[in-house]
Amino acid sequence: MPLATPRRLLLFFSTLATLSVGGFLAIESWLVYKRDLASVESNLEAQATLLTEHAELAFTTARQVLADIEWEQNRQAMQQYLSSRPLYQRILGTPLFGGLFVANAEGDVIFTAKKFPADFDVLAQGALYQAHRQGAYDVVGWPLTLGESDRQMIPVSHRLVDRNGEFAGFAVVLLQAEYFRDFYDRVINDSELRIGMFHRDGTVLILHPSPLAERPTSQHELSALFTAKAADTLLVSSPVDGQDRIAAFRNMDMYPVTMAASYSYAAFIEDLLPAFRRNAILFLIFTGGVILAWVLIDRALRVAVKAREATTGAQRRQQETLQLCHAIAHNLPNGRVFVIERGYRYAFVEGRLWQDHPDYNPQAMVGKTIREVFPADHAARLESLVDTALAGREGEQEIIFQQRVFKAFATPLRNESGQVLRCLLLTQEITRLKEDQKALEMLNQELDRLARTDSLLGISNRRELDRHLESEWSRGSREGHPLALLLIDVDCFKHYNDVYGHPAGDNSLQQVASVLSEAIRRPGDLAARYGGEEMAVLLPHTEMDGALNIAQRIHELLAERNIPFAASPVSDRVTVSIGAASMLPVTGQASQQLIDRADQALYRAKANGRSRTEAYREKEAN
């Protein structure tokens, strides 16, 4: 064979191999980029969701205060409620709140509760007053600086109306921006991470940490971004400082507020540079190896084109490839690569994990069996994984060793005839990932519990009752099962508060709530605070007789508690009036019908002397 033919073949395959490896490393770099970008985006999405839930809980807490004021306004008892100690304690004792003020229809401040010196008269005549006067009910205002304290506040306000539906003023709760910043300080574990709270119109409410070079923010840009989608993750040039950032935002469902978490794109790329440099170096090494092999083989071909020289060249290339494998495995930061033969004996060990430990040093492990290196229980799990690979199948396991969590992957290695004599075992430490996942799950569970529970009584709140009612109504309409509701009102509770004081009143409400929880026995039953001293019990799959049995049990259990109330016109102890209603839900009808029926029955129970249960009767209602 002419010498030129093998040389052309050698040049062709060398070029093909170089381009293939270069393409492979380029694809690997691209996949690393996409994987890490997806990881950053996933973390940002999780943080945006967590921050949105936290902020929504804070705004809902403020909205509950405003709802209580509105409730007292409707009952024409707002002035007495505003002068009560519990309201002051609620505002001044909650770290989230910076203050509260109520203004009348003329914009005059009629009540204030504040932690810091401030002139609320100026705020009462400002944009919030104009917005509520023109018909707005709930408003999240622009951030403002309170008095001489330089404390930034976010106003949350609610429109008040009189019995005729006319404008009667408005109430404003001030949320401390510092409260959110303190929480964000605990959340942020990376200097390149930035958290932002924005009004839906593009106004910046909170930006933490503040950028070093902040430019005038375009409200139009931010508003267009937040109104296009309810939630999104994207690479965007920040309207705040002009830097490219990976950002995830999520709009709140109940408030015109958007939470965003972003990470510097430049820092993200900088984190990837070591991997890119490694691949570039590997490509240069491989290219140099290919060129060197080509030169050596070419020199050998010039001496003689023989099979022996060709075999020698192949062996040389194989050796260079093995050295390259050593180099790659040696640079693994928190993992190892093993080649294990039949008999569970290590033939190859490489990786930076535990390289300084005398028992797990790569040189010390080669030639030993798994049981000679690891304890029996861990060795048994590794042997099971190796057996899977030696049987020709891939396998993986999570293994806890020395209080650290490892992910182990095993894959068969076949020879030229297709036989599996060895397997490749890859291990990666994932301890930190597991800890982060567990912490996030626990935090989400706690936030969910707080959002569904009344903080004073320990039973479900009105929001959870409404959600549960809609769910059971839909299920009852599908399955044809009745749904019952009890509305419970503590008799003469205002008089009880006047006689015994609000702390005793709170205690009596807590005992009544405890009685409700004790009276219901099925997992699907729900006890909740309906508002003020009113509570409710939702009873799925229950007709009127069953609802009346539960109501009777509530009266009996409350009588056993024997909460003294000597000044009561009804009894010498605390009693309740109960309205009971039961319906067969029908698709297309509103669940409000069930509430209205129970409310009518409750009204009749109070009109007939209190301390009793009245059931809704269709004929009597008509």
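Which of these values of Kirkwood radius over Cα pairs in Å was calculated from the structure shown: (1) 29.4; (2) 31.1; (3) 26.4? Recomputing Kirkwood radius over Cα pairs in Å here picks out (2).
The C-alpha atoms of the chain define a longest principal axis, and helix 462-479 lies at about 80 degrees to it. Length gained on full extension, Q511 to R371, computed as 0.36 nm times the residue gap minus the Cα-Cα distance: 44.2 nm.
Within the straight-line cut-off of under 13 Å between alpha carbons, the aspartates and glutamates reachable from K434 are E398, sequence neighbours fewer than 8 places apart in one chain being disregarded. Taking label positions 7 Å along the Cα-Cβ direction at both A451 and L424, the computed distance is 4.5 nm, reported to one decimal. By the gyration tensor of its Cα atoms, with a ≥ b ≥ c the square roots of the eigenvalues, what is the shape of region 112-205: rounded for a/c under 1.5, prolate for a/b over b/c, or oblate? Prolate shape, in that a/c is at least 1.5 and a/b is the bigger ratio.
Placing +1 on each Lys and Arg Cβ and -1 on each Asp and Glu Cβ, with no other charges, gives region 505-568 a dipole about its Cα centre of roughly 120 debye. Only Cα pairs under 8 Å and 6+ residues apart enter the sum, and on that basis the relative contact order of the chain stands at 8 percent. Cβ-to-Cβ counts within 10 Å put D185, D489, D387 in ascending order as D185, D387, D489, the fewest first. A Förster distance of 60 Å, applied to the separation of the beta-carbon atoms of E106 and R521, puts the FRET efficiency at 0.65. Straight-line reach from K368: taking Cα to Cα under 26 Å and skipping same-chain neighbours fewer than 8 places apart, the lysines in range are K407. At an R0 of 22 angstrom, the distance between the Cβ atoms of D190 and E398 translates into a FRET efficiency of 0.25.
For region 19-116, the set of trypsin sites (Lys or Arg not before Pro) satisfying both a DSSP loop assignment and a count of at most 13 other C-beta atoms within 10 Å is given as R75. Is the shape of region 50-133 rounded, prolate or oblate, going by the alpha carbon gyration tensor and its root eigenvalues a ≥ b ≥ c, with a/c under 1.5 for rounded and a/b larger than b/c for prolate? Verdict is rounded for region 50-133. Counted residue by residue at 0.36 nm each, then reduced by the alpha carbon distance between them, the extension gain from A559 to R345 reaches 69.5 nm.
The calculated FRET efficiency for the pair L19 and D150, based on their C-beta separation and a Förster distance of 56 Å, comes to about 0.30. Relative to the longest principal axis of the chain, what angle (0 to 90°, nearest 10) does the C-alpha long axis of helix 265-303 take? Approximately 20 degrees, to the nearest ten. For the peptides 457-463, 370-376, the ranking by packing is 457-463, 370-376, with the highest mean count of neighbouring Cβ atoms within 10 Å listed first. If the chain linking L92 and D466 were pulled fully straight, counting 0.36 nm for each residue of separation and taking away their Cα-Cα distance, it would gain 131.7 nm. If you fit an axis through the alpha-carbon atoms of helix 4-74 and take the longest principal axis of the Cα set of the chain, what angle between them do you get, 0 to 90°, nearest 10? With rounding to tens, the tilt is 10 degrees. Each Cα pair under 8 Å and six or more residues apart adds its separation to the average, and for region 501-622 the resulting relative contact order is 19 percent.
Values in this text are rule-based calculations from the coordinates and carry no lab data. Predicted, not measured: the structure shown is a model, and the values here were computed from it. With ideal geometry, Cβ positions are generated from the backbone for all residues, glycine too; neighbour counts draw on all protein chains shown.
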